[in-house]
Amino acid sequence: MYLSEAYELMGALLFRLQQLELAAARWCIATGKADSQVRATDEEWNLEQFNEALRRSGSEQSTIFEELEAFLAAWARLSLLFWPAPDKNSPRRQFSLERGERLRRLVEIDDAHPLNDRSLRNAWMHADERFDHALFEDRLGNRQQFVRASQVRAAVERCPRVIDVESLTVHFRKKDGSPGSHELRPLKAALDALLTRRHESARRRLTELPPYTP
């Protein structure tokens, strides 16, 4: 039951990553068109094209935000299957901890696996606290920005949440206000490895079955 849930969530995460990459590519195209209009000469300037590029980039930003919401929700659920965080007073605390340990052994992952890093999920879920922290330290400009890689350094100075769309890296503030970042693409390779291992294990079990005799 737990493994079925885990593998289904892995598939969901890979799907969300694919959707994020597609939206990111569209955003880069749209912002590129807007930038080219900004640099255009008076003869080349086209207000309609500029406004359309801005509209498209804004639409893709909304898509990226929504896909990140879904991605991080699935990530949290999957991470908690392998690394439970039961209440210390829960009567099932020991069972939950042992269940997580057994699941990790079954899929052959350890505490260094990317799924065990919930820092981005925590910052995303507790955005109100991060905004409060930034406000009281006089570092709150925009609540978030969608930027290219070359714009990250300036953006993180004033924004508690910055999405580098080119590299699909989310920059955020930790609970103590210190900066953190998480690149999403490396998780794809880690998930692919887990699913490949599952398929290889299934094939191995099939080859170990006795030959069929009608």
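The values are calculated or read from the model by the stated rules, or taken from the named source; none is laboratory data. None of the values given here were measured: they were computed from a predicted structure. Neighbour counts run over all protein chains shown; Cβ positions are idealised from the backbone, glycine included. Accessible surface is based on the protein model in full, side chains and every heavy atom, while ligands, DNA and RNA are left aside. Shrake-Rupley method; radii C 1.70, N 1.55, O 1.52, S 1.80 Å.
List of remarks:
- If R0 is taken as 22 Å, the Cβ-Cβ distance between GLU129 and SER167 corresponds to a FRET efficiency of 0.25.
- With the helix formula -39500 (n - 2.57) applied to DSSP H stretches of n ≥ 4, the chain reaches a computed 222 nm mean residue ellipticity of -21000 deg cm²/dmol.
- Solvent-accessible surface (1.4 Å probe) assigned to LEU103 amounts to roughly 10 Å².
- Apportionment of accessible area to carbon and sulfur, the chain, percent (1.4 Å): 51 percent
- Rounded to the nearest 10 square angstrom, PHE65 shows an accessible area of 50 square angstrom against a 1.4 Å probe.
- Ordering ALA134, ALA53, ILE109 by Cα displacement along the dipole of the chain toward the positive end leaves ILE109 in first place; charges were set at the Cβ atoms of Lys, Arg (+1) and Asp, Glu (-1).
- For a straight C-alpha distance cut-off of 30 angstrom, the lysines reachable from LYS188 (same-chain residues fewer than eight places away being disregarded) are LYS33, LYS174, LYS175.
- Length available on full extension from ARG148 to MET1: 0.36 nm per residue minus the Cα-Cα distance, which gives 48.8 nm.
- Taking every alpha-carbon pair under 8 Å whose residues sit at least 6 apart, region 97-192 reaches a relative contact order of 22 percent.
- Backbone N atoms of region 108-132 closer than 14 Å to the 7 Å Cα→Cβ label point of ALA190 belong to residues 108-122.
- Probe 1.4 Å, all protein chains present, accessible-area order of VAL107, VAL156, largest first: VAL156, VAL107
- Working note: Karplus 6.51/-1.76/1.60 with θ = phi - 60° gives region 164-176 the couplings 7, 5, 4, 9, 6, 10, 9, 9, 8, 10, 7, 4, 8 Hz, where Gly and Pro are set to x.
- Rounded to the nearest 10 Å², the accessible area of ILE29 at probe 1.4 Å: 100 Å²
- Hypothetical label at ALA73: residues of region 121-159 whose amide nitrogen lies under 14 Å (7 Å Cα-Cβ projection): 125
- Cβ-placed point charges (K, R +1; D, E -1), dipole of the chain about Cα centre in debye, nearest 20: 920 debye
- Residue-normalised accessible area of the chain, expressed per residue, 1.4 Å probe, Å²: 62 Å²
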